[in-house]
Every structure is written in C-alpha cells, then in structure tokens.
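The values are calculated or read from the model by the stated rules, or taken from the named source; none is laboratory data. Because the structure is predicted, anything quoted here is derived from the model rather than measured. Backbone-built Cβ (ideal geometry, glycine too); neighbour counts: all protein chains shown. Note: areas computed on protein heavy atoms with side chains; ligands, DNA, RNA excluded. Shrake-Rupley method; radii C 1.70, N 1.55, O 1.52, S 1.80 Å.
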Amino acid sequence: MRYVTIDTQSDPGSDTCPSTEKQKDLGRLLVNELIEIGLQDSQIDEHGYVYASVPANTDKDNIPVICFCSHMDTAPDCSGKGVKPIIHKNYLGQDLILPDDPSQIIRLADHPHLNEQIGNDVITASGTTLLGADNKAGVAEIMDACHHLMHHPEIKHGQIRILFTPDEEIGRGVDKVDMQKLGAFAGYTMDGESAGNMENENFSADGAKLIIHGISAHPGFAKGKMQSAIKIAGQIVAALPYNLSPEGTESMQGFVHPVSIEGHIETAVINFIIRDFKDELLSQHASVIRKITEDVLKKFHGCSYELQTHAQYRNMKSVLDQHPQIVEYGMEAMRRAGLNARLCSIRGGTDGSRLSFMGLPCPNIFAGEHAFHSKHEWVSVQDMQKAVETILHLCAIWEEKS
C-alpha cells in the first residue's frame, strides 16, 4: 500500500537510466527498509538498481546462489501519479465501483479471475490511475520474504540475492545490471498473474521499421503527381491480416502489430513489433509486412520503401530447458504452498527472458497482479501471501536438494 503511492512511471522517450529519476525514490526507500530488516549490504547504484543479500544460514557450502527479482517502475500506458489504493475486504463477487471515477467499474463478468477471490481482500486503485501491482506486488512479496527469512532462522537456505530493477516496462529493465555483482546461479522474477502460475517461456520479439518514400507536390497542382506516403501507410496498415494481429490471436499464436505512425507526404514511418514463440516465425511475419507493402506500392509508381528489422529479446525456454531443476523447484515450491501449480507461457516479455540470455536462467512466478496497465488493475492480499510462501519454500528447497 505504501509502495504504490510512490510514482515510478518509466518514460520510453528518455535516454537516461533510469528513464525517470523518481524511480530512485522507491529504490532508496527499499534500501533503507532492507537495511532495517538486516540485509546490511543493500545498495542502490547510479542507474537505480537495488542489490541486496540474505546471508546463508546453513552448514552446507555447495548451495547455488539464487536471486529474486522484481521491477520498480510502472507502465507509461496509464498514470501512476497520486495512486490511492483501496482494500475491498471480504470480496463477495460484487462490482467494484472505483470512487474517484464511478464510471470505472471492475465487473466480475469482465474479470473472471475474481471468481477465485471470493472471501479474499482485493486491492484496487481509486479510478483515476493504475494501481502499480505490476510490479510492486512482486516487490512487496520479496520484501516480506526477506523479513521472514531474517526472523525465522529455522528455515535453512543458501545465500539469497535480491534485485529490483527500473525501466522494465519500456524494455530496458536489465540494460545496466551488473551480473558479476549479482553473482547468482539462477533467478526468479516475481511478476506473473494468477496464483499457481509459473511461466517458463515467453514471446521472442523483433522490432521493425517500415520507411515509405512518397512523392510530394503542391496540393493545388497535385493531380497525377502527388503520391502521399501517409496514404500509402494507411493502406498498408488496413491490409494487415486480422489473424496476425494482437486482437485476433491468443495462446501460442504470434502477431504483427503497428505501434506508431508518423510522417508527411514525402516520407512516412510505421514502427511494428513482431512476436512469436518460435524464433523462425519472426522472419515469416516480417515477410508479411514486406509483401503487403510491395502489393500496395504497385499502385504508386515511383514510390519505394525500406524495411529494417532488429532483434529485441528471445524465448527464455531454450535456456531454461538446459537447467530443468530451476523450473522443477519452482513448481514444487508452489505445490508446498498449497497451490495447483501450472506451467504457462507469457504473451510478452520479462526481465527474466533477457537475464536468462545474460547467464541467469530466470523463469517467472506469479505475483497475483491482474488487469495490468489499466485503471482496473487489481491484486488480492491472499494471493500475495501465497507468493511469499512460494519464495520461502523455494529457498528451503534449494538448500534441501543441494
């Protein structure tokens, strides 16, 4: 409840790290609290990354160091300033009317996962902002687990590393992680949805920039001369197939998604994101953009285009499959917490994906957050408590099995 009131919204238009200095406000608070708990090496670096350690308390000396990670920033999609969290105690299935904007109603019919929360305490924002449970729920869970471990030495564990990152929501969450300083063998991001979910694969991702070169002319004398790059761009976007769009796909299906258009008569630029669980399909999806563009340009003689693609991140499953115990221990921890453990896929990216390819295999465990990036975001206290239990069991399992 305290963490979400701190505005930590990241900014994709900034070239600094962190992209917004206000993310350090939460980072500094977390460092102070970690030190109070007893994690004396807690620190925040110049880039806004928080590092800390729970010291080992076992006689075994062969236990791999594991890391728990969450991001501190909130999404640019919806305001994170002036968040006023509300606890709806003993939720009984009613519509949740958010008081600061009564038109914002969290309906059970629209959020079927609320069926699993009957009798629980549900936290929402007040109607004018997102909540920030993505990912401050994960932050709170890791903080609570650290507190519990420091006060319950009967739970035997190896060294536990803590990492809180900035700028995850704009795809730069691990740009400046010091992997040598982190010094862990395996990691777990706490940034998933429903209790019991664990994600061991995610989209592979490319970005694409389509540059369209039109022909400019004075509009008063343009007949037979002007060929507007803006109108060409509009035809290309309109021709994209619905079954290759975010709104027309689900489960393991990939998509091509135009995220921005800018330009003028002579030049227009469409920026795309391309996603699929299979790396080899990314180039096939890019070829769809290319074919549509070439088909449209047949009607615009003298116009041309360039299509530039670049890799963004890749499916972490290829790394995690090389270390099956990391996922197996996570599943066992959830079962020990009394949950129905499920392996899932992320239709998106995660800090864990990039960390996996940086040498830290890192699946994603539920944090309990729902309806992320929106004014309808919610999380339940009980799901967060189960996430804390999962962290504690994971620490114990790595010690037991080493």
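For the reader, a short list of remarks on this structure follows.
- Dipole of region 75-206, positive end: most advanced residue of 111, 123, 164 [Cβ charges, Cα centre]: 164
- Between region 1-69 and region 244-266, the alpha-carbon centres lie 35 Å apart.
- Listed options for mean projected area of the Cα convex hull in nm² are [x] 24.0; [y] 26.0; [z] 21.9. The value calculated from this structure is the one marked [z].
- Given charges at beta-carbon only (K, R positive; D, E negative), |dipole| of the chain in Debye: 1140
- Residues whose amide H lies under 5 Å from that of residue 72, counting only those 5 or more places away or on a different chain, are 165, 167, 168; hydrogens are built 1.01 Å from N in the peptide plane.
- For region 176-186, 3J(HN,Hα) per residue [Karplus equation, 6.51 cos²θ - 1.76 cosθ + 1.60, θ = phi - 60°, Hz, x = Gly/Pro]: 10, 5, 8, 5, 5, 5, 5, x, 10, 8, 9
- Here the Karplus curve 6.51 cos²θ - 1.76 cosθ + 1.60, taken at θ = phi - 60°, turns the phi angles of region 39-56 into couplings of 8, 5, 8, 4, 7, 10, 8, 5, 8, x, 7, 9, 10, 7, 9, 8, x, 5 Hz, with x standing for Gly and Pro.
- Summed side-chain charge close to residue 401 - residues other than residue 401 whose Cβ falls under 11 Å, Lys, Arg +1, Asp, Glu -1: -3
- GNM top mover of 390, 128, 58 - the chain, alpha-carbon springs below 10 Å: 58
- Simple point charges give the picture: +1 on the Cβ of Lys and Arg, -1 on the Cβ of Asp and Glu, and for region 200-308 a dipole about the Cα centre of about 660 debye.
- Taking the accessible area of region 43-108, probe 1.4 Å, and keeping the other protein chains in place, the carbon and sulfur fraction comes to 50%.
- Taken as Cα centroids, region 121-172 and region 341-385 sit 11 Å apart, rounded to the nearest whole angstrom.
- Amide H partners (placed H, <5 Å) of residue 126, local residues excluded: 84
- Cα-based shape type of region 59-183, given that a ≥ b ≥ c are square roots of the gyration tensor eigenvalues and the cut on a/c is 1.5: oblate
- Region 164-212: C-alpha gyration tensor shape, a/c 1.5 cut-off, then a/b vs b/c: oblate
- For region 221-235, 3J(HN,Hα) per residue [Karplus equation, 6.51 cos²θ - 1.76 cosθ + 1.60, θ = phi - 60°, Hz, x = Gly/Pro]: 9, 9, 4, x, 10, 5, 9, 6, 5, 5, 5, 4, 4, x, 5
- Longest segment of the chain lacking GluC sites (Glu not before Pro) that sit in a DSSP loop with at most 15 other Cβ atoms within 10 Å: 251-402
- The residue among 353, 293, 99 whose Cα reaches farthest toward the positive pole of the charge dipole of the chain, with charges on the beta-carbon of Lys, Arg, Asp and Glu, is 293.
- Taking amide H as placed 1.01 Å from N in the peptide plane, residue 368 has its amide H under 5 Å from the amide H of 192, 193, each at least 5 places away in sequence or on another chain.
- Exposed-site-free run, longest, the chain (rule: trypsin sites (Lys or Arg not before Pro); DSSP loop; at most 16 other C-beta within 10 Å): 300-400
- For the chain, the mean residue ellipticity at 222 nm estimated from helices alone is -8500 deg cm²/dmol, where every DSSP H run of n ≥ 4 contributes -39500 (n - 2.57) and the total is divided by all residues, rounded to the nearest 500.
- The residues of region 175-304 have, on average, 49 Å² of accessible surface per residue, using a 1.4 Å probe with all protein chains present.
- Listed pairs 89/156; 156/278; 136/156; 223/298; 176/291 exceeding 30 Å between Cα atoms: 89/156; 156/278; 176/291
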